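Enquirer: After the structure tokens below, expect a handful of questions from me.
Bear in mind that the values in this text are calculations on the coordinates, not laboratory data. Remember, it's a predicted structure, so these values are computed and weren't measured experimentally. Heads up, the Cβs are rebuilt from the backbone with ideal geometry, glycines too, and the neighbour counts pull from every protein chain shown.
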Amino acid sequence: MRKITPRQYAVALLDAYHETPESRRNEVLKHFLSLVKKHRRWKKINQIISALREISNQREGKVAIRLISARPLAAETTHALERQLTGILNAQAVMSHETDTTLIGGAKMLVGDTLVDGTVKHSLEKLQSSF
């Protein structure tokens, strides 16, 4: 028997949830969680939740973006970046921002499954590998 992937669990839950009247949605969630437990996939719950967010965003025309910078950024800077990315990606950018003090400088961005690395560390590694 093939195992169900976290993405398949997420699609099944979202479809069932949206097809169910609002008054019975708690039952859908309880049943879903019992299936996850029954199939011993509880260790994959974080991956299922991530897939739920990603699929839900896709269906709503949104793209989740995780920005990690060496220093805190002003809210206006992140909002401006969010607006620019919304135009570039032709989808509503939904950005979360984190500060990683281990970075020397720069930032990296995770757009869906794509990593855009503009950190100083990454630039130095590229420079070193070119020699």
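Enquirer: Pick from Ser123, Ser96: which is hydroxyl-bearing (Ser, Thr, Tyr), in a helix (DSSP H, G or I) and out of contact with any Ser or Thr (no Cβ under 8 Å at 6 or more places or on another chain)?
Expert: After applying the criteria, what remains is Ser123.
Enquirer: Could you run through the range 73-103 and say how many residues are over 19 Å from Lys62 (Cβ atoms), surrounded by 12 or more Cβ atoms within 10 Å (Cβ to Cβ) and in contact (Cβ under 8 Å) with a residue 24 or more places away in the chain?
Expert: So the answer is 4.
Enquirer: If you don't mind, there's one more thing I want to ask. Got a sec? Which of Ile55, Ile49, Ile4, Ile45 is surrounded by 12 or more Cβ atoms within 10 Å (Cβ to Cβ) and either under 30 Å from Gly106 (Cβ atoms) or among the hydroxyl-bearing types (Ser, Thr, Tyr) (or both)?
Expert: Working: Ile55 fails: either under 30 Å from Gly106 (Cβ atoms) or among the hydroxyl-bearing types (Ser, Thr, Tyr) (or both); Ile4 fails: either under 30 Å from Gly106 (Cβ atoms) or among the hydroxyl-bearing types (Ser, Thr, Tyr) (or both); Ile45 fails: either under 30 Å from Gly106 (Cβ atoms) or among the hydroxyl-bearing types (Ser, Thr, Tyr) (or both).
Ile49 is the lone residue from the list that is surrounded by 12 or more Cβ atoms within 10 Å (Cβ to Cβ) and either under 30 Å from Gly106 (Cβ atoms) or among the hydroxyl-bearing types (Ser, Thr, Tyr) (or both).
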